[in-house]
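Here the structure is laid out as structure tokens; the discussion comes afterwards.
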Amino acid sequence: MTVDSAIQHWQEQIKGALAEGKRLRIRGAGSKDFLGEVGAFDEDINTQSHQGIIEYAPTELVMTVRAGTPLATVKAVLAEQRQYWPCDPPTFGGAGTVGGAIAAGVSGPGRVAHGAVRDLVLGVGMINGAGQALKFGGQVMKNVAGYDVSRLMSGSFGTLGLITDVSFKVLPLPEAEVTVVRSETLEQAHERFLQISRLPLPCSASAWFEGASYLRFSGSNAGVEDARQTIGGDVVIADIWSQIRDHQLDAFAAAKTVWRISVPPGSQAMLSQCSLLEWSGAQRWLLDPDIDPRSTLSEGHATLFRAPVTDQTQRFQPLSAVVGGIHKRLKHQFDPQGIFNPGRLYQEI
Amino acid sequence: MILSRDQLKVRLQAICDGHSVADQARMKVYESDGLTAKKQLPWLVLLPATIEQVQSIMQLCHAHQVPVVARGAGTGLSGGAMPHHEGVLLSLARFNRILEVDQVNLLARVEPGVTNLAISDHVRPLGLFYAPDPSSQIACTIGGNVAENSGGVHCLKYGLTVHNVRKLVMISPEGERYELGSEAFDSAGYDLLALMHGSEGMLGIVVEVTVKLLPVPVEVAVLLAAFTDVGQAAEAVGQIIDHGLIPAGLEMMDKLAIQAAEAFVHADYPLDAAAILICELDGSSVEIEQQQALLTQVLQGAGAVQVRCAKDAEERRKLWLGRKAAFPAVGRLAPDYYCMDGTIPRRELASVLRSIADFSQIHGLPVANVFHAGDGNLHPLILYDANQPGELERAEAFGADILRLCIERGGTITGEHGVGVEKINEMCVQFSAGELSVFHGVKAAFDAQGGLNPGKAVPTLQRCAEFGAMHVHRGQEKFPELERF
């Protein structure tokens, strides 16, 4: 199928769905099927066959790909040019597409240094709920022509439209990278992460689990060596970060419910209960907590990230009345008949 | 109760305890922003100082369908803060307090009328800074930075305003208070925080901003490289990135801009150069030493005839001063100048520069070029004299040619100055009718009545039909569904 014919095919499917009142589930590799609400749908729109790199000029630090392109392909092609996509989205079960990564807006351990998925999105091609193929943003770093619809697509869980292609910022791979480990308590690690975030060191990831803290430094040879000497600890050779990112740690495999708590790094909320602390303290993972973390959370927000389908708990933190109203009106503007992923993010959208 | 216009004026003035301007002579100060070619007196200027006052103003204006245009310091360059003749000009200048610095979470909570530079000045004693630094940072406000998603000379490494703001407190057109983002790194639901950036005061009123702070780098080095050919300087930019270097800042100036800056601030720029690159590195001492050696090698390899590294803080300040003062410096060369803001893929830099030189010949107006080279963001400054009949029109035609060229080369009509009233016609060239309809949909989701900054940023399809008949967009006729005029 050529690119245009793929888009035309989807436009036909969308027009058919509009005519027949069908609801569509947008799906790439299905690696994040567990994430979010189940929602309601009558048939799938599958993006997995819509693969390929449309444009990539390394000196521009921009890559444009079709939505169904596997994250693994992107990583490999970038690595050939000694570049990478620093937001480092998870590849649960080794799978995942770029479209899915944008739609879910979930970032990996590298988020602290170079930004989240949304920070690196530069442009999207999409089909809205009226079946129109549209383009927003572009392939340049700075662009304020029109509202930033491409960043809005990040984390929208397919409820606003079908992403057909994406342009995003990439960076040169760091010259050097080192991970150091130290045995310490969660409280000690938390305090140290906060101290390190106040220092001008090239810290690109931080995590604590099972009684040990891990810090990664990335940058020039000299800068990384400086940081290693300043901070100390034993050098780790194993790729601990993809295990953390993809929830491959043993404790995650055994857990029934996984909560993600997003709070200011210095917050004490849920600290003592968390099994994995990341992002200098700003991202906390709770496994099988006794009570709903939202019942005591006074700042940030909590996502029920993974749970049995029978669990009726709302997956995403409820919105305030005003913000919820804006969500409903935006959904209506992009997808007036509510055909895309209805209920996947919130019941009302 | 519906009030008459005069009653409404009295009521609105009372809300602000008399902090308002209603007489024509005193309102002149507010008739334009930095785009002085577009002027309009408002109906009333209000200067509230509390969130509650803003809410009351918005409620009354909404009930009486009075347009509201928000304004910070008025340094914008696209007419985004140009008043509406029947509307309230809502100045946020009195929202000028830094409310809180959180040294643990590295955040500063500030009011929208605080200047960009004031934030960094305030937190520098703590070893922290706020990264985005538009050239107007001494005067421009953080609220305006959000409205335009301002960049600056350091955004290649540190990102734009959208990358450095964590949370906004907003007032809706109906006067409701709500929050977007949070002190955490992300929030539930759609990324409305991102959507608000660069929205040019069309979606809501920003009344509080929480920005991210960064630790001040240990060492900074600033290098100046001189080239005898503009094309070589442009090529050097790509080569720097190709070597894996991401400088904190990477700026370029052409001959006319160099000469103007040198005459204005004596920055010690080489006057015989066709172009200079100013390049800043930051990091640890050893790191800087290594990167500086590599950078010098790359610049020389690219044909630089001179590479000079500032010896001390004073020399670094001078090198940057010339660049940051480039606009006023060029302003001394002619009675008026018209600043453009297109962005292009970096590889197009050399050829776009040649085309701009050709346009300069065709329109008979000189142009000085200043770029955020690392981001491909161009600021050609077209020199003209508004008192000479036809020169303003020629300058605008020249500018429109540059913007169309940027779109043709895969870029955008505005990188950081916004669309405002200035580039509204070019929006019809960059976007299709369907895309513009989505923008109108976004606007309607936040501001159903359309009272916020009406007529800015997104053209009506009607307007595009009038203007767009001249253009062919992606090989298709524009707006076939609309009648031709």
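The values are calculated or read from the model by the stated rules, or taken from the named source; none is laboratory data. Values in this document were obtained by computation on a predicted structure and should not be read as measured data. As a convention, Cβ positions derive from the backbone with ideal geometry for all residues, glycine included, and neighbour counts pool all protein chains shown. What goes into the accessible areas is simple: the full protein's heavy atoms, side chains included, and nothing from ligands, DNA or RNA. Shrake-Rupley method; radii C 1.70, N 1.55, O 1.52, S 1.80 Å.
The Kirkwood radius of the stretch B:331-446, taken over pairs of alpha-carbon atoms, gives through the Stokes-Einstein law at 10 °C and 1.306 mPa s a diffusion coefficient of 106 µm² s⁻¹. Cysteines in chain B lacking any other cysteine Cβ under 4.7 Å from their own Cβ: B:Cys16, B:Cys61, B:Cys140, B:Cys155, B:Cys279, B:Cys309, B:Cys339, B:Cys406. In the stretch B:195-226, comparing the full protein assembly with the chain on its own, the residues that lose 40 Å² or more of accessible surface at a 1.4 Å probe are B:Leu195, B:Pro215. Modelled spin labels at A:Asp44 and B:Lys28, positioned 7 Å past Cα toward Cβ, are 7.0 nm from each other. Computed over the stretch A:181-322, relative contact order equals 23 percent, with contacts defined as Cα pairs under 8 Å that lie 6+ residues apart. Listed by chain and number, the aspartates and glutamates whose C-alpha is less than 18 Å from the C-alpha of B:Lys318, apart from same-chain residues fewer than 8 away, are B:Asp133, B:Glu219, B:Glu251, B:Asp254, B:Glu262, B:Asp268, B:Glu280, B:Asp282. The eigenvalues of the Cα gyration tensor, multiplied by 5 and square-rooted, give the stretch B:73-210 an equivalent ellipsoid with semi-axes of 22, 18, 14 Å from largest to smallest. In the context of the full set of protein chains, residues of the protein assembly as shown present 36 Å² of accessible surface per residue (probe radius 1.4 Å, heavy atoms only).
Loop-resident trypsin sites (Lys or Arg not before Pro) (DSSP state other than H, G, I, E or B) in the stretch A:27-112 with no more than 13 further Cβ atoms inside 10 Å of their Cβ: A:Arg82.
Taking 0.36 nm per intervening residue step and subtracting the Cα-Cα distance, what contour gain separates A:Asp250 from A:Asp234 on full extension? Stretched fully, the A:Asp250-A:Asp234 segment lengthens by 3.6 nm. Residue separation of B:Asp17 and B:Glu100 scaled by 0.36 nm, minus their Cα-Cα distance, works out to 27.3 nm of gained length. For the stretch B:174-190, accessible area lost to neighbouring protein chains reaches 20 Å² or more, against the chain alone with a 1.4 Å probe, at B:Glu176, B:Tyr178, B:Glu183, B:Ala184, B:Phe185, B:Asp186, B:Ala188, B:Gly189, B:Tyr190. A full extension of the chain between A:Gln8 and A:Leu271 corresponds to an added length of 89.7 nm, given 0.36 nm per residue minus the alpha carbon distance.
How high is the relative contact order of the stretch B:170-290, given as a whole-number percent (alpha carbon pairs under 8 Å, six or more residues apart)?
29
Normalised by residue count, the protein assembly as shown yields a Cα convex hull volume of 163 Å³ per residue. Note on A:Ala76 and A:Gln347: the model spin-label points, each 7 Å out from Cα along the C-beta direction, lie 4.5 nm apart.
Pick out, from A:His301, A:Gly129, A:Thr230, the residue whose Cα sits farthest towards the positive end of the charge dipole of chain A, with +1 on the Cβ of Lys and Arg and -1 on the Cβ of Asp and Glu. The residue sitting most towards the positive pole is A:Gly129. One compactness figure for chain B is 0.99, namely its Cα radius of gyration divided by 2.2 N^0.38 Å. Within the accessible area of the protein assembly as shown, the carbon and sulfur atoms contribute 50%, probe 1.4 Å, all protein chains present.
For the chain pair A and B, buried accessible area totals roughly 6100 Å², probe 1.4 Å, rounded to the nearest 100. For A:Gln51 and A:Glu20, a Förster radius of 35 Å and the Cβ-Cβ distance give a FRET efficiency of 0.80, rounded to the nearest 0.05. With all projection directions averaged, the alpha carbon convex hull of chain A covers 17.7 nm².
Rounded to two decimals, the Cα-based Rg/Rh of the stretch A:180-325, with Kirkwood Rh, is 1.01.
State to the nearest 20 debye the size of the charge dipole of chain B about its Cα centre, where the only charges are +1 on K and R beta carbons and -1 on D and E beta carbons. Intermediate results must be reported in sequence, preceding the final value.
Numbers: 39 positive and 57 negative charges, 124 e Å.
Charge dipole, chain B, about its Cα centre: 600 debye, nearest 20.
Once C-alpha pairs closer than 8 Å and six or more residues apart are averaged by separation and normalised to the residue number of chain A, the relative contact order reads 19 percent. For the stretch B:59-70, 3J(HN,Hα) computed residue by residue from phi via the Karplus equation (6.51, -1.76, 1.60; θ = phi - 60°) reads 4, 5, 5, 5, 5, 9, 6, 9, x, 10, 10, 7 Hz, glycine and proline entered as x. Across the options B:Leu295, B:Cys140, B:Tyr130, the greatest Cα extent toward the positive end of the charge dipole of chain B (unit charges at beta carbon of Lys, Arg, Asp, Glu) belongs to B:Cys140. Magnitude of the charge dipole for the protein assembly as shown, about its Cα centre and with charges confined to Cβ atoms of Lys, Arg (+1) and Asp, Glu (-1), is about 980 debye.
Since only B:Ala457, A:Met153, A:Cys274 are under comparison, the one whose Cα sits farthest along the positive direction of the charge dipole of the protein assembly as shown, derived from C-beta charges on Lys, Arg, Asp and Glu, is B:Ala457.
Could you give the size of the charge dipole of the stretch A:165-287 about its Cα centre, using +1 on the Cβ of each K and R and -1 on the Cβ of each D and E, expressed in debye and rounded to the nearest 20?
It works out to roughly 360 debye.
Checked against a 31 Å cut-off, the cross-linked pairs B:Lys167/B:Lys255; A:Lys142/A:Lys328; B:Lys28/B:Lys255; B:Lys38/B:Lys212; B:Lys39/B:Lys167; A:Lys75/A:Lys135 give Cα-Cα distances beyond that limit for B:Lys167/B:Lys255; B:Lys28/B:Lys255; B:Lys38/B:Lys212; B:Lys39/B:Lys167.
Panel note: contact residues of the stretch A:167-196 (accessible area lowered by at least 40 Å² against the chain on its own; 1.4 Å probe) correspond to A:Pro172. Centroid-to-centroid, using Cα positions, the stretch B:235-294 and the stretch B:85-144 are 28 Å apart. Any chance you could tell me what percent of the C-alpha pair distances in the stretch A:132-219 go past 22 Å? Every Cα pair in the stretch A:132-219 considered, those over 22 Å come to 54 percent.
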